[in-house]
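The values are calculated or read from the model by the stated rules, or taken from the named source; none is laboratory data. In this text the structure is predicted, and so the values were computed from the model without any measurement. Positions of Cβ are generated from backbone atoms using ideal geometry, with glycine treated the same way; all protein chains shown enter the neighbour counts.
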Amino acid sequence: MTEEKRTLTLPIEGMTCASCVAHVQQGLKEVEGVLDASVNLATEQ
């Protein structure tokens, strides 16, 4: 059985600093099924 991997780009509003990025990124990584998460402050994604 092969696993299907997908990449999602989500808008994230309200981030103002690197700490916000770290919190959002860590929260996403704790979601079941999420293998990796990368958050960008400049693009709010």
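For this structure, a couple of remarks:
- Any chance Glu44 is charged (D, E, K, R) and on the phi > 0 side of the Ramachandran plot: yes
- Restricting attention to segment 7-34, the residues being closer than 16 Å to Gln45 by Cα and over 12 Å from the mean Cα position of the chain (by Cα) number 7.
Here's the yes/no breakdown for (1) outside any loop (DSSP other than H, G, I, E, B); (2) charged (D, E, K, R); (3) surrounded by 11 or more Cβ atoms within 10 Å (Cβ to Cβ); (4) without any contact (Cβ under 8 Å) to a residue 24 or more places away in the chain:
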residue	(1), (2), (3), (4)
Glu4	no, yes, no, yes
Met15	no, no, yes, no
Gln25	yes, no, yes, yes
Leu28	yes, no, yes, yes
Glu32	no, yes, no, yes
Leu35	no, no, no, no
Gln45	no, no, yes, no
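- For Glu4, the stated conditions hold: it is of a type in the set (Asp, Glu) and modelled with pLDDT under 95.
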